[in-house]
1. Exactly one of these conditions fails for PRO90: (1) within 14 Å of the ligand (Cβ to nearest atom); (2) under 18 Å from LYS22 (Cα atoms). Give me its number.
2. Consider VAL137 carefully, then state whether it is within 12 Å of the ligand (Cβ to nearest atom), at pLDDT 95 or above and in contact with a Leu (Cβ under 6 Å, 6 or more places away or on another chain).
3. LYS85: charged (D, E, K, R) and more than 13 Å from the ligand (Cβ to nearest atom), yes or no?
4. Listed residues GLN63, GLN5, GLN56, GLN35; which is at pLDDT 95 or above, loosely packed, with under 15 Cβ neighbours inside 10 Å and of a type in the set (S, T, N, Q)?
5. Which one of THR227, THR242, THR238 is in contact (Cβ under 8 Å) with a residue 40 or more places away in the chain, away from the ligand (no atom under 14 Å from the Cβ) and within 19 Å of the chain's Cα centre (by Cα)?
6. If the Cβ limit is 7 Å and pairs must be 6+ apart or interchain, which residue in region 44-57 that is near the ligand (Cβ under 6 Å from one of its atoms) pairs with which residue that is at pLDDT below 95 and among the small types (Gly, Ala, Ser)?
7. Filter region 142-164 for residues that are more than 16 Å from the ligand (Cβ to nearest atom) and touching a residue at least 24 places away in the same chain (Cβ under 8 Å); which is nearest to VAL126 (Cα to Cα)?
Amino acid sequence: MELIQDTYRLPLEYVKGVPLIKYFAEAVGPLQSFQAQPDDLLISTYPKSGTTWVSQILDMIYQGGDLEKCHRAPIFIRVPFLELKGPGIPSGLETVRETPAPRLIKTHLPLALLPQSLLDQKVKVVYVARNAKDVAVSYYHFYRMAKVHPDPGTWDSFLQKFMAGEVCYGSWYQHVREWWELSRTHPVLYLFYEDMKENPKREIRKILEFLGHSLPEEIVDHIIRHTSFEEMKKNPMTNYTTMPHDIMDHDISPFMRRGTAGDWKNTFTVAQNECFDADYAEKMAGCDLSFCSEL
Ligand code: A3P
């Protein structure tokens, strides 16, 4: 893979008011001609909400629990990342086109940037939401290790940017709300990271029901075992260590970092927490979504 110095630490670019990594911003225009297929399954999340986890669960379900088949390629190839673009790497669109049906496709796009065809084709969506505080901390460490992002600065300054929606993909608050709203009119299975931590079997059963699949109990148990944080952390097909070191530096912070609910408590100061809660109450006013910030 060709590594180009100019790829790193570039400022975000705004598309329809949404800040994006420069290359992803360039991908959004051509993406609008993307033709979805009715049997596609879209995995949608705000970044750092458990995308990789639910992607591995879904691929294991699609492969009938066959771990060998899930070793066929890294997760970002098995589940193409729709808006991915960068110098020297195949775009998400190219990877999707080479993926045999039924396809699993990942996106973090807010609805304003989503290709219309996914909605027109009534493509089923599995959405995973995670509490904002853990997302903010996880995103901060991801910014540090994945140099396609701008420099995150200090934790405090990053947190301010997160609250203002000035991070890649924009406002967490708007993202979780608008996909929740969409679930009233579109086939969206809206899951929570914390529920998956608390009771993975219950959440996998929800996924199976949503897909109209059934699997024997022992296969479900096998999937739970191989999609645990510990297993996925040591699995090169899920832990992103196959990405070039220049793009993701796991020595700075591993992609599979903590994998817990409530880790934010180790980072937020009391003052940051108070400020965050007050701002959160305003931004989430009138919304019937409720999040669990620790287990
Ligand atoms: P932390 O940084 O809090 O550890 P995404 O895949 O959306 O980028 O999300 C990454 C976050 O999900 C990271 O959170 C990562 O550790 C966590 N994660 C990945 N696989 C997981 C698993 N199997 N169980 C629990 N958390 C997982």
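1. Every listed condition holds for PRO90 apart from (1).
2. On the way: within 12 Å of the ligand (Cβ to nearest atom): yes; at pLDDT 95 or above: yes; in contact with a Leu (Cβ under 6 Å, 6 or more places away or on another chain): no.
Here the answer is no, as VAL137 does not meet what is asked.
3. Details: charged (D, E, K, R): yes; more than 13 Å from the ligand (Cβ to nearest atom): yes.
So LYS85 fits the description; yes.
4. Working: GLN63 fails: loosely packed, with under 15 Cβ neighbours inside 10 Å; GLN5 fails: at pLDDT 95 or above; GLN56 fails: loosely packed, with under 15 Cβ neighbours inside 10 Å.
One residue alone meets the criteria, GLN35.
5. On the way: THR227 fails: away from the ligand (no atom under 14 Å from the Cβ); THR238 fails: away from the ligand (no atom under 14 Å from the Cβ).
Among THR227, THR242, THR238, only THR242 is in contact (Cβ under 8 Å) with a residue 40 or more places away in the chain, away from the ligand (no atom under 14 Å from the Cβ) and within 19 Å of the chain's Cα centre (by Cα).
6. Short answer, once both residue conditions are applied: none.
7. The first filter runs over region 142-164 and keeps only residues more than 16 Å from the ligand (Cβ to nearest atom), leaving 150-151, 153-154, 156-157, 160-161, 163-164.
Retained after the next criterion (residues that are touching a residue at least 24 places away in the same chain (Cβ under 8 Å)): 150-151, 156, 163.
On the way: PRO150: 29, ASP151: 31, ASP156: 32, MET163: 25 Å.
Of everything passing the filter in region 142-164, MET163 is nearest to VAL126 (Cα to Cα).
Let's see how each residue does on (1) surrounded by fewer than 15 Cβ atoms within 10 Å (Cβ to Cβ); (2) of a type in the set (D, E, K, R):
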site	(1), (2)
LEU211	no, no
VAL220	no, no
THR238	no, no
MET243	no, no
HIS250	no, no
ALA261	no, no
THR267	no, no
LYS283	no, yes
ASP288	yes, yes
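The values are calculated or read from the model by the stated rules, or taken from the named source; none is laboratory data. Keep in mind that what you see is a predicted model, and the values were worked out from it rather than measured. Because the Cβ atoms are built from the backbone with ideal geometry, glycine has one as well, and the counts that use them run over all protein chains shown.
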